[in-house]
Amino acid sequence: MKHRILVLGAGYAGAFSAGYLARQLRSDEVEITVVNAEADFVERLRNHQLAAGQELPHRPLSKVFAGTGIRIRLARVTGVDPDRRIVHVEGDQGSDRLQYDTLLYALGSTVADHGVPGVNEHAFHVAGRPAALRLRRRLDELGGHGKVVVVGGNLTAIETATELAESRPGFQITLATSGELGGWLGSKARRHLLRAFDRFGIAIREHTTVDRVEAAGVVSGGTDIASDATVWTAGFAVHPIAAASGLAVAATGQIAVDRQMRSLSHPDVFVAGDCAYAIAENGRPLPMSCASAGPTSKRAIAAIIEDLTGRKAPIVKLSYIGNHISLGRDDAIFQLVDGDARSRTGALLGRKAARVKGAVLKGAAWGAAHPTFGMPTRKYRLAAEVDRATNTLAA
Ligand SMILES: Cc1cc2nc3c(=O)[nH]c(=O)nc-3n(C[C@H](O)[C@H](O)[C@H](O)COP(=O)(O)OP(=O)(O)OC[C@H]3O[C@@H](n4cnc5c(N)ncnc54)[C@H](O)[C@@H]3O)c2cc1C
């Protein structure tokens, strides 16, 4: 019987990891199946561009994984039973149970509503492609004019507000944030950010905590801020599936893992990307970001290959070097952070930073969407210690 590796999610972490595993393990010994809700690899980093009306390349998973031997299962994961090594899915073919020997959990994240009433009913967001397209339809419906309130003061809020302002200049855009806009940036980068908002004509309402979202706007401390489309960009949260499954999770709902991205409660479950509660070299949890999807995936892949073949892989560092923030298509900020995650004084700004950001976006999408390109395809045999009857490691 082949060893069954089930990869949940085909985003940056899942697509890259599945491709890499297929390159390193033999298809006559290992069967790799990827479960994903959508038929395409989604460049989530560009969802704000999609919402603004720009066209992005389609990357069907059937093409991404062509020639790798990876099986694709288009379905929504509805539950995981890690004690019985079963994943429950719901798809066009109805509901099903998928059995695994090794699980790689990489379902990413969605929007965090922070329990604010009205977010789910009335707000738009850009955390997933269907949601970004819904916002785009709403902006189209409004015919190029109207009021947009973007809630949040962090990376996604900044990228969304500036992208909408540049691509949809007829809209009056307001950004409302409970803190200071980009308050964590170094002084040079923050000045650049405020100049960009000024140039785009985006109104900034700082120290404005949104208590409620309504159909016609948001309410903050008894004050109404009118809006034809409210965009909720106040952070990400993981799907509740992990916490409901009995896997050990952190307070964030992310799966608690060791240095190898192995679940603390279930050693045959590995985690990569936004779902992993991974502690970086500086002792802090890695932020949910594409930049963290890379090293967490590499650690998980290395551990799976080591478990199955006995081959030791080099350990990649779990560190986060900085924030790359687009301000429309021609402007950006690349803010480096120090070992304690504090912004450094200097930053790369303007067109140069936009070009670097463009290259990073292309590189991330290319890496995930071309799993057979440019990497070693050495195939390792399963170690004799893998018990073929039970597909577990012999004690
Ligand atoms: C607008 C925007 C801009 C961003 N900009 C940056 C940036 O500049 N830099 C940066 O580092 N990060 C950025 N991020 C964050 C980054 O996108 C995420 O951290 C990254 O996508 C995480 O990768 P992942 O593989 O864990 O999850 P994802 O890329 O979200 O992939 C998860 C996959 O799982 C699938 N899935 C989810 N739930 C289910 C289910 N129940 N069943 C089946 N499939 C499911 C999804 O369809 C998806 O394919 C941005 C995010 C957004 C929304």
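Every read-out reported here was derived from the displayed coordinates using simple, explicitly stated rules and does not represent laboratory data. As the structure is a computational prediction, the values presented were derived from the model and not from experiment. Using ideal geometry, Cβ is built from the backbone for each residue, glycine included, and neighbour counts are taken over all protein chains shown.
Amide H of Gly79 versus every other amide H placed in the peptide plane: which residues, excluding those fewer than 5 positions away on the same chain, fall under 5 Å?
Those lying under 5 Å, H to H, from Gly79 are His88.
Could you work out the equivalent-ellipsoid semi-axes for the range 127-175, taking the square root of 5 times each eigenvalue of the Cα gyration tensor, largest first, in whole Å? Don't skip to the end; give the middle numbers.
On the way: eigenvalues 54, 41, 14 Å².
Its equivalent ellipsoid spans semi-axes of 16, 14, 8 Å.
Would you pull out the residues with amide H under 5 Å of Phe270's amide H, same chain only if 5 or more places away, H placed 1.01 Å from N?
Here the answer is Leu103, Leu104, Tyr105, Ser263, since their amide H atoms fall under 5 Å of that of Phe270.
In whole Hz, with x marking every Gly and Pro, tabulate ³J(HN,Hα) for the range 38-48 from phi via Karplus 6.51 cos²θ - 1.76 cosθ + 1.60, θ = phi - 60°.
Karplus values, whole Hz, x for Gly and Pro: 10, 7, 10, 6, 9, 7, 4, 4, 10, 4, 5.
Quote to one decimal, in nm, the extra length available between Arg76 and Lys312 on full extension: 0.36 nm per residue of separation minus the C-alpha distance between them. All intermediate terms of the calculation are to be shown ahead of the outcome.
On the way: separation 236, 0.36 × 236 = 84.96 nm, distance 3.37 nm.
Extra length available between Arg76 and Lys312 comes to 81.6 nm.
Taking the simple approach of a point 7 Å from Cα along Cα-to-Cβ for both Arg284 and Asp96, what is their distance in nm?
That separation, rounded to one decimal, is 4.2 nm.
Under a crude label model (7 Å from the Cα following the beta-carbon direction), how far is Ala248 from Trp366 in nanometres?
Each label point is offset 7 Å from its Cα along the Cβ direction, giving 4.0 nm.
Could you give each residue of the range 60-68 its phi-based ³J(HN,Hα) in whole Hz, using Karplus coefficients 6.51, -1.76, 1.60 with θ = phi - 60°, and x for Gly or Pro?
Running phi through 6.51 cos²θ - 1.76 cosθ + 1.60 with θ = phi - 60° gives x, 4, 4, 7, 3, 9, 4, x, 9 Hz.
Enumerate the amide H contacts of Ala280 below 5 Å, restricted to partners 5 or more residues apart or on another chain; note that Pro and chain-start residues carry no placed amide H.
So Ala280 has HN proximity to Leu286.
Expressed as a rounded percentage, what relative contact order does the chain have, with Cα pairs under 8 Å and six or more residues apart? Show your work: numbers first, answer last.
Numbers: 884 pairs, mean separation 77.1, N = 395.
Relative contact order of the chain: 20 percent.
Relative contact order, percent, of the range 264-370 when contacts are C-alpha pairs under 8 Å separated by at least 6 residues? Could you put the intermediate results ahead of the total?
Numbers: 140 pairs, mean separation 19.2, N = 107.
Taking the mean separation of contacting Cα pairs over the length of the range 264-370, I get 18 percent.
With only alpha-carbon atoms in the gyration tensor, what are the semi-axes of the equivalent ellipsoid for the range 189-256, in Å, largest first? It would help to have the intermediate numbers written out before the result.
Values: eigenvalues 218, 74, 22 Å².
Three semi-axes, in Å: 33, 19, 11.
Across the range 254-264, in residue order, what do the Karplus-derived ³J(HN,Hα) couplings come to in whole Hz, using 6.51 cos²θ - 1.76 cosθ + 1.60 with θ = phi - 60° and x for Gly and Pro?
Couplings: 6, 6, 6, 10, 8, 5, 9, 6, 8, 4, 5 Hz.
As I understand it, the value is the acute angle between the Cα axis of helix 187-200 and the longest principal axis of the Cα atoms of the chain; what does it come to in degrees, rounded to 10?
60 degrees
Express in whole angstrom the spacing between the alpha-carbon centres of the range 108-174 and the range 310-336.
25 Å
If you average 1/r over all unlike Cα pairs in the range 114-232 and invert the result, what Kirkwood radius do you get in angstrom? Don't skip to the end; give the middle numbers.
On the way: mean 1/r = 0.0697 Å⁻¹.
The answer is 14.3 Å.
In whole angstrom, note down how far apart the Cα centers of the range 1-75 and the range 204-232 are.
38 Å
Normalising by the residue count of the range 114-232, find the relative contact order in percent from Cα pairs under 8 Å and 6+ residues apart. Present the calculation step by step, with values, prior to reporting the outcome.
On the way: 207 pairs, mean separation 40.6, N = 119.
Relative contact order for the range 114-232 comes out at 34 percent.
So what is the 222 nm mean residue ellipticity for the chain from helices alone, if each DSSP H run of at least 4 adds -39500 (n - 2.57) and you divide by all residues, rounding to the nearest 500 deg cm²/dmol? Intermediate values should be presented prior to the final figure.
Values: 10 runs with 112 residues, N = 395.
Helices in the chain give a 222 nm mean residue ellipticity of -8500 deg cm²/dmol.
Roughly how large, in nm² to one decimal, is the mean projection of the convex hull of the alpha-carbon atoms in the chain? Please list the in-between numbers first.
Numbers: hull surface 77.4 nm².
Over all viewing directions, the chain projects a mean Cα-hull area of 19.3 nm².
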